[in-house]
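Student: Take this structure first; my questions come after.
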Amino acid sequence: MSVNVLPKPGEPVRTVLIGAGNRTKNIYAPMMKGLKPWVDIVAVVDPVQEHCDAIAEKIGARPYCDIKDAVREQAPEAAIVVAPIPLHHAYSVFLSENKIHNLIETSWCATVLQARDMIQKAKENHVYTRVGENFFRYPIDSFARALRDSGYIGDIKRIFTYNDHTGYHNNSRWTVFAGEYPEWISAFEHTMPTMPYYESPQRFHDSETFRSRYISFPSGLTVIDQAANIKGMLGRQVRPGFTEWHGTMGTLVQQGGRYAAPTHYILDNNKRVEVGKGVHSEWTAEIRRCMYGDTTVLTDAIRPANPNYISKVERFYNEDGYYMGVRAQIPGGEIRFDNPIQIGARSDHYFPEYGVCVAGHIIDFALQIRGLRDSEFDEQDALMSLMMEIAARESIINEGKRIRLPLEGDIESDHIVLEGLRKRLGFDPLDIEAVLGYKAPKP
């Protein structure tokens, strides 16, 4: 099968990269050479001169410590914002008001109020605002959609996941898989103290929170999304944890491993069904014995012909180790997803495919700007992922009540989050000038 090669614009989008921290250093910078057909990074902005200079030199751009100087001198068409979440809203609004398209890292912002303002400012200034969402581009998610479309395991109407990435990223995964927005969400949380530990130099913890969400879609898809300690600290289940896509005729399974890449496989206990009258089935008898202590065989035995057929789902690479796609051999054929992001350059900070997924949202952003295609994940999709997160908070505040989506009117948890940010930052997070002047460097 040939790879669906993405179009390239006549001219790359003149872009400024905002933020020169660890994520930019480890994920974005290594790929910029390969992304040159789509984006030309002309400036790097970061309040820490040392960080800014290092990234700018690496990718061949001009360093700036002030976004206003970069905008005035470089006149960029677009910006990629890789900065702490409390700064996202202010940067997006500032960029939109200066007629600059803006791609904002995940999570998009902190509140629905901010998200709506970002969308409105972009619309008023005739620019695009997007979120840098990459999780639905992961190999297993791309394959899950190919498997769904193939019909091999029937209609997939339930997804169960434990300790993957409960929150904004997963919300995006489920809406993309469903191809629609959810009707409601119900949520529960439990926090307990733990021994003190550092997840990273700037992230100290002495407790952990278990989160559980139930999400219902109009088509009948239900998602049970749970996690605690998603970074796998204290010996907990590591990310990507355990996820199952439940079809009417089989299951797609993902299992994470602490010292190995996650494994994926299809349990095909379906398809070739045998129906018989009074057939003695060792398989049926064994199941009944285990469940009921009874070996009586039902007079009408309906069972899969091969209840244990397993198809291994494998990622495949070219001779240079570049991620090319995902495939599974099934009886009589193959199910596969071919990776369209062929840029050569890559980031191996997490796993070989991760940088490709990030490159996907950058290319998607550039193609939207150039009018070559509509975004795979637009501002309304970004807003819904945030609404799902805020709705989960609303449900927790209201003892697990089902919260209808989309959210409308005044949102209680929005005010709680904004007040928390005011205390943490020492100023109003909606004050654009104050936020732009804030410096939040990581070690």
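The values are calculated or read from the model by the stated rules, or taken from the named source; none is laboratory data. Treat the numbers as computed from the prediction; the structure is a model and nothing was measured. Glycine also receives a Cβ, built like all others from the backbone with ideal geometry; neighbour counts cover every protein chain displayed. Each accessible area value is taken on the protein alone, full model and side chains, heavy atoms only, with ligands, DNA and RNA left out. Shrake-Rupley method; radii C 1.70, N 1.55, O 1.52, S 1.80 Å.
Student: Let me check against my output: what whole-number percent is the relative contact order of region 1-142, with C-alpha pairs under 8 Å and at least 6 apart?
Tutor: 20 percent
Student: Now, a different point. Sort largest first and round to whole Å: the equivalent ellipsoid semi-axes of region 75-175, each the square root of five times a Cα gyration tensor eigenvalue.
Tutor: 32, 15, 12
Student: Could you give the length gained on full extension between Met233 and Asp431, defined as 0.36 nm per residue of separation minus the Cα-Cα distance, in nm?
Tutor: That works out to 67.7 nm of additional length.
Student: Charges only on Cβ, +1 for Lys and Arg, -1 for Asp and Glu: so what's the dipole of the chain about the Cα centre, in debye to the nearest 20?
Tutor: Result for the chain is approximately 780 debye, rounded to the nearest 20.
Student: Here's another thing I want to ask about it. Would you please report the Å³ per residue occupied by the convex hull of the alpha carbon atoms in the chain?
Tutor: Taking the convex hull of the Cα positions in the chain, it is 171 Å³ per residue.
Student: Roughly how big is region 300-443's charge dipole about its Cα centre, with Cβ charges of +1 (Lys, Arg) and -1 (Asp, Glu), in debye to the nearest 20?
Tutor: That gives a dipole near 480 debye.
Student: Ok, one more. How tilted is helix 354-369 with respect to the longest principal axis of the chain? Cα atoms for both, answer in degrees (0 to 90, nearest 10).
Tutor: Long axis of 354-369 versus the principal axis of the chain: about 60 degrees.
Student: Per 5 Å bin, what is the whole-percent P(r) computed from every C-alpha pair distance within region 391-443?
Tutor: P(r) for region 391-443, in whole percents per bin: 4, 17, 20, 17, 13, 13, 10, 5, 0.
Student: Let me ask something else. Mean shadow of region 312-443, computed from the convex hull of its alpha carbons, in nm²?
Tutor: Result: a mean projected hull area of 14.6 nm².
Student: Please work out the Cα center distance from region 18-51 to region 308-360, rounded to the nearest Å.
Tutor: That distance is 25 Å.
Student: For the chain, with every protein chain kept in place, what is the accessible area per residue (1.4 Å probe, Å²)?
Tutor: With all protein chains present, the chain gives 46 Å² per residue.
Student: What do the square roots of 5 times the Cα gyration tensor eigenvalues come to for region 181-254, in whole Å, largest first, as semi-axes of the equivalent ellipsoid?
Tutor: Over the Cα atoms of region 181-254, the semi-axes work out to 30, 16, 9 Å.
Student: Output the Cα-based Rg and Dmax of region 38-110 in Å, rounding Rg to one decimal and Dmax to a whole number.
Tutor: According to the Cα coordinates of region 38-110, Rg and Dmax are 11.8, 33 Å.
Student: Using only the alpha-carbon atoms, how far is helix 88-97 inclined from the longest principal axis of the chain? Give it as 0 to 90 degrees, nearest 10.
Tutor: Helix 88-97 sits roughly 60 degrees off the main axis of the chain.
Student: Using all C-alpha to C-alpha distances in region 347-417, build P(r) with 5 Å bins and read off the rounded percent in each one.
Tutor: Bin by bin from 0 Å, the calculated values are 3, 14, 17, 14, 11, 12, 15, 11, 3, 0.
Student: For the chain, set up a GNM with springs between Cα atoms under 10 Å and report which of Pro84, Pro182, Pro331 has the largest fluctuation.
Tutor: In this elastic network of the chain, the residue with the biggest mean-square fluctuation among Pro84, Pro182, Pro331 is Pro331.
Student: Can you give me the angle between helix 112-124 and the longest principal axis of the chain, using Cα atoms only, in degrees from 0 to 90, rounded to the nearest 10?
Tutor: That works out to roughly 60 degrees.
Student: I want the local charge near Thr166. Using Cβ-Cβ distances under 12 Å, sum +1 for each Lys or Arg and -1 for each Asp or Glu among the other residues.
Tutor: That works out to 0.
Student: What net charge is computed for the residues neighbouring Cys65, neighbours being all others with C-beta under 10 Å from the C-beta of Cys65, Lys and Arg scored +1, Asp and Glu -1?
Tutor: -3
Student: Okay, next question. Leaving ligands, DNA and RNA out of it, report the carbon-plus-sulfur percent of the accessible area of the chain at a 1.4 Å probe.
Tutor: Carbon-and-sulfur percentage of accessible area, whole number: 50.
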